[in-house]
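The values are calculated or read from the model by the stated rules, or taken from the named source; none is laboratory data. This structure is a prediction, so every number in the text was calculated from the model and none was measured. Neighbour counts run over all protein chains shown; Cβ positions are idealised from the backbone, glycine included.
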Amino acid sequence: MKKRQKTAFGEYLVCEIKLAQMSQEEFYNSVGIKKPYFYDILTAAPPPLDLQNRMLVVLEEKMDVDPSRRSKFYDLAAQGRSEIPVDIGELIKSNPDKWDNVRTVLNQLLAVQR
């Protein structure tokens, strides 16, 4: 049986679990998921937002809350799910009066990159 490659999210999650000084089994049990689903998360699509947040809570119980960890976690999960990172989406949703500004800034940023 061929071993599946971890996604970028899966690689990052494994590193964070090690930094938290947890075993993978301890981690997925603390999150409340089963082993097969945990390995699917590592090698296929990252989990939905509610599970991402539960994972962060478990990690942050063992380590300090780190905004850069949260950003990277959300970014890699979003990339793996072909979505916008949840924290960016929430900022946009909660500020509808700024949507024109967001649109303008994004167009300017993307025009510079082309």
| field | Count of segment 33-71 residues which are among the β-branched types (Val, Ile, Thr) and crowded, with 16+ Cβ neighbours inside 10 Å | value | 3
| message | List pairs: first residue in segment 47-60 and farther than 13 Å from residue 22 by Cα, second residue of a type outside the set (S, T, N, Q) anywhere in the structure, Cβ distance under 6 angstrom, at least six positions apart or on different chains. | response | 47/41; 49/86; 52/77; 54/31
| query | Quick one: what pairs do we get from segment 85-113, first residue among the acidic types (Asp, Glu), second in a helix (DSSP H, G or I) and surrounded by 10 or more Cβ atoms within 10 Å (Cβ to Cβ), C-beta under 7 Å, 6+ apart or different chains? | reply | 87/71; 87/74
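Could you tell me which residue of segment 27-60 is farthest from residue 80 (Cα to Cα), considering only residues that are among the charged types (D, E, K, R) and assigned to a helix (DSSP H, G or I)? Write out each step before concluding.
Taking segment 27-60 and keeping what is among the charged types (D, E, K, R), we get 34-35, 40, 50, 54, 60.
Pick out the ones that are also assigned to a helix (DSSP H, G or I) and you get 35, 40, 50, 54, 60.
Values: 35: 20, 40: 12, 50: 16, 54: 18, 60: 22 Å.
It comes out as 60.
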| message | So residue 50 passes all but one of these: (1) under 10 Å from the mean Cα position of the chain (by Cα); (2) at pLDDT below 95. Which condition number does it fail? | response | (1)
| task | Identify all residues within segment 10-26 that are surrounded by fewer than 17 Cβ atoms within 10 Å (Cβ to Cβ) and either touching a strand residue (DSSP E or B) at 6+ places or on another chain (Cβ under 7 Å) or not in a loop (DSSP other than H, G, I, E, B) (or both); write none if there are none. | result | 11, 14, 15, 18, 19, 24, 25, 26
| field | Residue ID - farthest from the chain's Cα centre (by Cα), chosen from residues in segment 72-112 that are of a type in the set (Ser, Thr, Tyr) and exposed (fewer than 15 other Cβ atoms within 10 Å of the Cβ) | value | 104
| query | What number of residues in segment 74-114 are closer than 14 Å to residue 52 by Cα, part of a helix (DSSP H, G or I) and out of contact with any helix residue (DSSP H, G or I) (no Cβ under 6 Å at 6 or more places or on another chain)? | reply | 4
